[in-house]
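Below: one structure, written as C-alpha cells.
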Amino acid sequence: MRYLIELSGESATLAIAESLAVAHSSRDTPGYESDGRALVLNSDISSEELVSRLALAWSVSQHLFSCDIGELDSMIGGLELPGETFRVRTSRLGEQHPPGNGTALARHVGEILSARYKVDLEKPDVEIRILMSERIHVGMLNGEIDRSSLEARKPENRPFKHPISLHPKLARTLVNLTGIRPNQTIFDPFCGTGGIILEAGIMGCRVLGGDMDARMVAGTMQNLEHFGIEGDIRQADVSIWPESHEPVDAIATDPPYGRSASTAKEPIESLYARAFGACHWMLKDGGKLAIALPGEKHITLAKDFELEGMYPVRVHKSLTRYFCVFSKLPAPKVAGVCCQGWKFTIISCMPDLSKPDDFDLI
C-alpha cells in the first residue's frame, strides 16, 4: 500500500522517523518521500495500525498521486472513485500557498468530480484529502489520528502526577521508534509516573517497568490501573534488572537528568553508563533502545550500541531533549566466552548450552 500521511508540526524529522519505524515494524524498510509535513510511504502495514499507533501525525490516506498545481485538473479528471459520493478537504502545509487557497482549491476539485459523482458533506463514500505543500498531494482518507485521547492522558489528567513527565505524544513516539509490535515486551528502567509504558500498554504491548523511587513505582501502578493496563512494575536500580529478568524485545525510556528528576546524587555520566550496560544485557538480539538524552555528549556513553538516529526535541522553553534510537550490537566473543557488559557467559565446554551458567567478574 502507498500511504499519504499528514505529519504534525512538533518536529518534522522525528515525525518521519516515527512513521518509518511503525511501518518498518511490519516487514521491510519502506520506501518514502517527504515534502515538508506531507509524507508518502510504501508499506504493507495496515492503515488501521498506522492510524491507531502514530502520535506525530494528523491523518493517514491512501496515496493517489502527487503533482504540481498546474497538473491537478487533468489528474483529478482521470480519478476513479470506489463509491458514489464524495467530499474534499484540504490542508495547507507551510507558507507556500496563501490563506484561503485551500478552500478555493477544495471547491474547484469538487466541481470537477461532481460531473461524475455526488457531493455528500456529511457521510460520503470517499473523502478526498489534499495536502498543499511544495507540491500537491492527493489521497483517499483512511482515518484521522485520535490526538484528543493523547491529550486526555496528559500528566495532569492522571491520578498520580509529576511535573516533568513527557507528554503522551512524545512518550508514544519513543515507543514507536523501537518498532515494537503488539504482544511483544517493552521495558522502561526509569518509568517515573509510567507514561511510556502506559502508551505501550494501550498499543497492546506487554510492559515491564522499574524505578528506584518507591513512590514512583506506586504511582505508576496507580496510573496503569486507572487506564486498565496490566504491567510488571518493580522498585529496582537499573543494574539489578539483567540478573532478575529475561531479555526483552525493546526498551524505551526517559532517564533522570539531575534537574527536577533525582539521580540519587549519582553523576549523570555514571548513571547513564550503567544504564546503557544494563539495557544492552536486557535487549534481545536485534532489539532497539529509544531513549531521551539531555545532551549529544551522552551518546558516547552508549557502548555496544549503534546510533540509528538522533532527533532534538524542544520539550520546555529551556529544555531540549535528544530522542535517540540505538540498535544492539552483538557482544564480542573471546576464547569461547561471550562478553556482555559486566558479565561473562560460558558458551562452550558446557553440558547443557540451553542453560549457560553466569560468572561474575572478579
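Throughout, read-outs are computed from the coordinates displayed, never taken from laboratory work. Note that the coordinates shown come from a computational prediction; the quantities given were computed from them, not determined experimentally. Quick reminder, even Gly has a Cβ in these numbers, built from the backbone with ideal geometry, and neighbours come from all protein chains shown.
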Expected sort for 49-60, 6-17 on mean C-beta neighbours within 10 Å, highest first, is 49-60, 6-17
Ranked output for segments 239-252, 198-211 by mean other Cβ atoms within 10 Å, highest leading, reads 198-211, 239-252
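How big is the dipole moment of the chain about its Cα centre under a simple scheme where the beta carbon of each Lys and Arg is +1, that of each Asp and Glu is -1, and everything else is neutral? Debye, nearest 20, please.
Working: 38 positive and 48 negative charges, 153 e Å.
The calculation lands at about 740 debye.
Using packing as a proxy for protection, rank 271-281, 221-231 so that the peptide with the highest average count of other Cβ atoms within 10 Å comes first.
Ranking, from highest mean packing down: 271-281, 221-231.
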In terms of the alpha carbon gyration tensor, root eigenvalues a ≥ b ≥ c, rounded if a/c is under 1.5 and otherwise prolate when a/b exceeds b/c or oblate, region 189-247 is oblate
Quick note, region 2-145: a/c under 1.5 would make it rounded; otherwise a/b > b/c is prolate and the rest oblate (a ≥ b ≥ c, C-alpha gyration tensor); here it is prolate
With Cα coordinates, the longest principal axis of the chain makes an angle with the long axis of helix 268-282, in degrees rounded to 10, of 80
Rg/Rh over Cα atoms for region 148-330, Kirkwood Rh, comes to 0.92
Rounded to the nearest 10 degrees, the helix 214-226 long axis (Cα) sits at an angle to the longest Cα principal axis of the chain of 40
For region 148-330, the count of lysine pairs 8 or more apart or interchain whose alpha-carbon atoms are under 13 Å apart comes to 4
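Say R0 is 25 Å: what FRET efficiency, to the nearest 0.05, do residue 62 and residue 154 get from their beta-carbon distance? Working shown, then result.
Values: r = 32 Å, r/R0 = 1.27.
Between residue 62 and residue 154 the formula returns 0.20.
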Relative to the chain, whose Cα atoms define the longest principal axis, helix 168-177 and its Cα axis are tilted in degrees, nearest 10, by 80
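Tell me, in nm to one decimal, what length is gained between residue 239 and residue 307 on full extension, where the rule is 0.36 nm per residue of separation less the Cα-Cα distance? Walk me through the numbers on the way to the answer.
Values: separation 68, 0.36 × 68 = 24.48 nm, distance 2.18 nm.
Gain on stretching residue 239 to residue 307: 22.3 nm.
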Taking the square root of 5λ for each eigenvalue of the C-alpha gyration tensor of the chain, the equivalent ellipsoid has semi-axes, largest first and in whole angstrom, of 44, 22, 18
Simple spin-label estimate for residue 218/residue 111, 7 Å along Cα→Cβ, in nm, reads 6.8
So for R0 = 51 Å, FRET eff. of residue 225-residue 80 from the Cβ-Cβ r, to 0.05, ends up at 0.50
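For region 148-330, with only Lys/Arg (+1) and Asp/Glu (-1) charged at the beta-carbon, what is the dipole magnitude about the Cα centre, in debye rounded to 20? All intermediate terms of the calculation are to be shown ahead of the outcome.
Details: 21 positive and 21 negative charges, 125 e Å.
Rounded to the nearest 20 debye, it is 600 debye.
Which percentage, to the nearest 5, of the DSSP beta bridges contained in region 148-330 is antiparallel?
Values: 16 of 31 bridges.
The antiparallel fraction comes to roughly 50 percent.
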